[in-house]
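Below is one structure, written out as structure tokens, with a few remarks after it.
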Amino acid sequence: MRIGIKIQKDILGMLALYDRPLSTRELAIDLKRAWHSIQGNCMRLQLAGKIRGFRVGNMNLWELKKE
């Protein structure tokens, strides 16, 4: 399994645990990954339509896309 796919699965799993959006930093700390890896994979998930991303101030926040 490619490492990017594993990171994306971990991101989706972490977002499913919370009812609120999580920042890239929170995801990086919880998953013990570099901020840049999490940010890039969140962008890929957003392009795939699996999560929704938005900015508040200088933070990127992510949540599962609600159908």
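Read-outs: derived from the displayed coordinates by stated rules, not from any lab. If you're wondering where the values come from, they're calculated on a predicted model, not measured in any experiment. Using ideal geometry, Cβ is built from the backbone for each residue, glycine included, and neighbour counts are taken over all protein chains shown.
Any chance region 5-20 includes a residue that's charged (D, E, K, R), more than 11 Å from the chain's Cα centre (by Cα) and under 23 Å from Glu67 (Cβ atoms)? Checking region 5-20: at least one residue is charged (D, E, K, R), more than 11 Å from the chain's Cα centre (by Cα) and under 23 Å from Glu67 (Cβ atoms).
In region 18-46, the residues that are charged (D, E, K, R) form Cβ pairs under 8 Å with partners that are exposed (fewer than 15 other Cβ atoms within 10 Å of the Cβ), at six or more places apart or across chains, as follows: Arg25/Trp35; Arg25/Met59; Arg44/Gly4. The combined condition, being in contact (Cβ under 8 Å) with a residue 40 or more places away in the chain and assigned to a strand (DSSP E or B), is not fulfilled by Leu15. The set of residues in region 37-63 that are under 11 Å from the mean Cα position of the chain (by Cα) and outside any strand (DSSP E or B) comprises Ser37, Ile38, Gln39, Gly40, Asn41, Cys42, Met43, Arg44, Leu45, Gln46, Lys50. For region 40-63, the candidate set comprises residues that are surrounded by fewer than 16 Cβ atoms within 10 Å (Cβ to Cβ) and aliphatic (A, V, I, L, M); within that set, the residue that is farthest from Gly4 (Cα to Cα) is Val56. Yes or no: Leu31 surrounded by fewer than 15 Cβ atoms within 10 Å (Cβ to Cβ) and more than 10 Å from Trp62 (Cβ to Cβ)? Spelling it out, it is not the case that Leu31 is surrounded by fewer than 15 Cβ atoms within 10 Å (Cβ to Cβ) and more than 10 Å from Trp62 (Cβ to Cβ).
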